[in-house]
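This report refers to the structure that appears directly beneath it.
The values are calculated or read from the model by the stated rules, or taken from the named source; none is laboratory data. Everything numeric in this text was worked out from a predicted model, so none of it was measured. Ideal geometry is used to build each Cβ from the backbone, glycine not excepted, and the neighbour counts take in all protein chains shown. Ligands, DNA and RNA are excluded from the accessible area calculation, which covers all protein heavy atoms including side chains. Shrake-Rupley method; radii C 1.70, N 1.55, O 1.52, S 1.80 Å.
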Amino acid sequence: MNLGFGVGLRDVHFSYLLEQPPAAWGVDWFEIVSENFFDDDGFAGHVLDRVREERAVVMHGVALSIGGTDPLDCDYLNKLKVLAERLDPALISDHLCWTGVDGRTTHDLLPLPLTEECLDHVAARVHTVQDFLGRQIVLENPSTYVEFEVSAMPEWEFLGRLAETTDCALLLDVNNVYVSAYNHGLDPVAYIEGIPPERVAYVHLAGPSDHGTFLLDSHDHPVVDDVWPLYDLAQERTGGVATLLEWDADIPAFPDLVSELDRARVRCLS
Amino acid sequence: MSELAALQSAMLAACTAGEGVDAAVSAVRGAGRMAPQARLGIYARGYRARLLECLRGEYKVTRAVVGEQVFDLFALGYIEANPPRSPSMFDLGARFADYLDDTRPSDADAIARLPADVARLDRARLESRRAAGVESIPGDRSIDAATVLTNPELRVRVPASLVLLRLGFDVLAAVAAADRGQPVPTPAAVDSYVAVARRRYRVAVHALAPWQYALLLACGSDATRLRAVVAGEEWPVVASWLPAAVDAGMLTTG
């Protein structure tokens, strides 16, 4: 199932989407940040329902903490399930990360040590979540700024083995590949070639910010030139999967966002 | 504790409080253009910036009233005292007004109560925006005073999107100025009653008379027979105000 070309649903665009006819939106689907719509019976929920009437929606979470060592949060999972029952999303995704421990959260996507112990730990939790939701989940490679001494395998191998073990799908964020590869001196092409293409459900694009000694996954710029060849490679290896453009700060007007998305559309057509 | 749990505890401490840095640093590879401590610093700065930005966005009137520097001091103190525990960012600022109250010096002037009062109003506006409102109530409709006066069985209820506040300052002018991005006048110290209500997904702040505040408090979320909570002699006054209250989303007959 290829959903086509989508963007993140953000509140700065709510009025535009309500005012414009859906045929003029210029996108095939929307991705939402799942947690932003938990317990929201206001305007955001209203807009989401209107959008869902017209387009497919993917629920993309940032707080599942699939790699965390605290017990899985049952209240969180219940809210995720309730939202999924309301929206019937095409996919439910989150990140290969942990967000907190000892009852605390950082609201960040923190990196995991890539060890056999951690792989077993994450796999067990993926099984639990998939059983609870009654469906496959999709996990994204995060941008990272540290690697751990104990790590014993590259991230692409960890993700591939996790997908093989649990039958989860993968969200390949080519910008995150670029950011992590830059930050750790890795080869981004080798990363993408190491990901099992048949497991990739969709691809993320975004723009990072350059802080000199490191790149930050800030989602506040257009896609950088170096990322486009990686995107082409990902599309070539997967045989063509859905594309989602993320933009979360200094967000442009919706038509400008769609123009940036169209750069991906054109590359896939050529 | 497993090695994974120990590593996560060390990294959380290093990234949120600058504690346990040695344990986290020793776990991080130092290869490349950045040392482990600098790499962990990216997460530490991100943690602080992310939470601060959330509070700045949610407490806009408070920020305008106390100024950006003072607000950031309040907010960073709050984050340190109340580190986030909920997966929802919406919950981060839930206790901010209480924190401002709790940390106010006991011998401070009355004006020192202002930040907490304004923070309560900011939070109320946020809660009203997300709660279930009259928009989703099928039977919600406008009424007129004649209908109120001639219908002794009239029942009303308040939607979840209504938040009632009793404050020590008149904050309405400050709210209006902050919303327009204009300089904010210092609110006068005076007992005030406020309703934060929503209609057609637009949240507004309304000044209330004490009897209006008491009436809305008496009307719960279940349908309440109006005659049961309004004394006979007050009936004409209530009937003349009720249509406006319904139109503002404070009450519904649905």
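Computed values, structure above
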item	result
The lone exception for residue A:242 - which of (1) within 15 Å of the chain's Cα centre (by Cα); (2) closer than 25 Å to residue A:108 by Cβ; (3) open to solvent by less than 30 Å² (accessible area, probe 1.4 Å) it fails	(2)
Checking residue B:146 against (1) within 14 Å of another protein chain (Cβ to nearest Cβ); (2) part of a helix (DSSP H, G or I), the condition it does not meet	(1)
1 or more residues within 14 Å of another protein chain (Cβ to nearest Cβ) and not hydroxyl-bearing (Ser, Thr, Tyr): qualifying helices (runs of 4 or more DSSP H) within the stretch A:166-239	A:174-184
Any chance residue A:160 is closer than 28 Å to residue B:39 by Cβ and more than 12 Å from chain B (Cβ to nearest Cβ)	yes
Residue check, residue B:125 among the basic types (Lys, Arg), at negative phi and not in a loop (DSSP other than H, G, I, E, B)	yes
Single condition residue A:46 does not satisfy, out of (1) open to solvent by 50 Å² or more (accessible area, probe 1.4 Å); (2) in contact (Cβ under 8 Å) with a residue 12 or more places away in the chain	(2)
Subset of the stretch B:155-170 that is assigned to a loop (DSSP other than H, G, I, E, B) and in contact with a strand residue (DSSP E or B) (Cβ under 7 Å, 6 or more places away or on another chain) - its residue that is farthest from the other protein chains (Cβ to nearest Cβ)	B:162
Positions within the stretch A:16-39 being modelled with pLDDT of 95 or more and either part of a strand (DSSP E or B) or charged (D, E, K, R) (or both), in sequence order	A:19, A:28, A:29, A:30, A:31, A:32, A:33, A:35
Among the candidates B:144, B:170, residue that is of a type outside the set (Ser, Thr, Tyr), open to solvent by 20 Å² or more (accessible area, probe 1.4 Å), under 28 Å from residue B:96 (Cβ atoms) and more than 16 Å from the chain's Cα centre (by Cα)	B:170
Contacts under 8 angstrom Cβ, first residue in the stretch B:23-36 being touching a residue at least 12 places away in the same chain (Cβ under 8 Å) and more than 9 Å from chain A (Cβ to nearest Cβ), partner polar (S, T, N, Q) and not in a strand (DSSP E or B), 6 or more apart	B:25/B:37
Conditions (1) more than 11 Å from chain B (Cβ to nearest Cβ); (2) closer than 26 Å to residue A:155 by Cα; (3) assigned to a helix (DSSP H, G or I): number failed by residue A:53	(2)
Residue satisfying all of: in the stretch B:87-120; part of a loop (DSSP other than H, G, I, E, B) and within 14 Å of chain A (Cβ to nearest Cβ); farthest from residue B:191 (Cα to Cα) among these	B:87
Pairs where the first residue, in the stretch B:82-97, is touching a residue at least 12 places away in the same chain (Cβ under 8 Å) and within 18 Å of residue A:77 (Cα to Cα) and the second is assigned to a loop (DSSP other than H, G, I, E, B) and open to solvent by 50 Å² or more (accessible area, probe 1.4 Å), C-beta under 6 Å, 6+ apart	none
Residue list for the stretch B:18-44, filter: open to solvent by 60 Å² or more (accessible area, probe 1.4 Å) and more than 23 Å from residue A:186 (Cβ to Cβ)	B:19, B:22
Residue list for the stretch A:133-154, filter: more than 14 Å from chain B (Cβ to nearest Cβ) and open to solvent by less than 10 Å² (accessible area, probe 1.4 Å)	A:137, A:138, A:139, A:140, A:141
Subset of the stretch A:156-204 [among the charged types (D, E, K, R) and within 28 Å of residue A:30 (Cβ to Cβ)]	A:167, A:173, A:198, A:199
Breaking point among (1) facing chain A (nearest Cβ under 7 Å); (2) touching a residue at least 12 places away in the same chain (Cβ under 8 Å); (3) closer than 27 Å to residue B:115 by Cβ, for residue B:50	(2)
Residue identified as more than 9 Å from every other protein chain (Cβ to nearest Cβ) and of a type in the set (A, V, I, L, M) among A:101, A:82	A:82
In the stretch B:175-194, residue farthest from the chain's Cα centre (by Cα) [restricted to those that are buried (at least 20 other Cβ atoms within 10 Å of the Cβ) and within 24 Å of residue B:247 (Cα to Cα)]	B:192
Qualifying residue in the stretch B:52-75 (condition: over 23 Å from residue B:175 (Cβ atoms) and either buried (at least 16 other Cβ atoms within 10 Å of the Cβ) or modelled with pLDDT of 95 or more (or both))	no
Test: residue in the stretch A:57-77 that is over 25 Å from residue B:5 (Cβ atoms), at pLDDT 95 or above, open to solvent by less than 40 Å² (accessible area, probe 1.4 Å) and not in a strand (DSSP E or B)	no
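For every residue, the table says whether it meets (1) within 13 Å of chain B (Cβ to nearest Cβ); (2) open to solvent by less than 10 Å² (accessible area, probe 1.4 Å); (3) farther than 30 Å from residue A:228 by Cα.
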{"position": "A:106", "(1), (2), (3)": "yes, yes, yes"}
{"position": "A:112", "(1), (2), (3)": "yes, no, no"}
{"position": "A:118", "(1), (2), (3)": "yes, yes, yes"}
{"position": "A:156", "(1), (2), (3)": "no, no, no"}
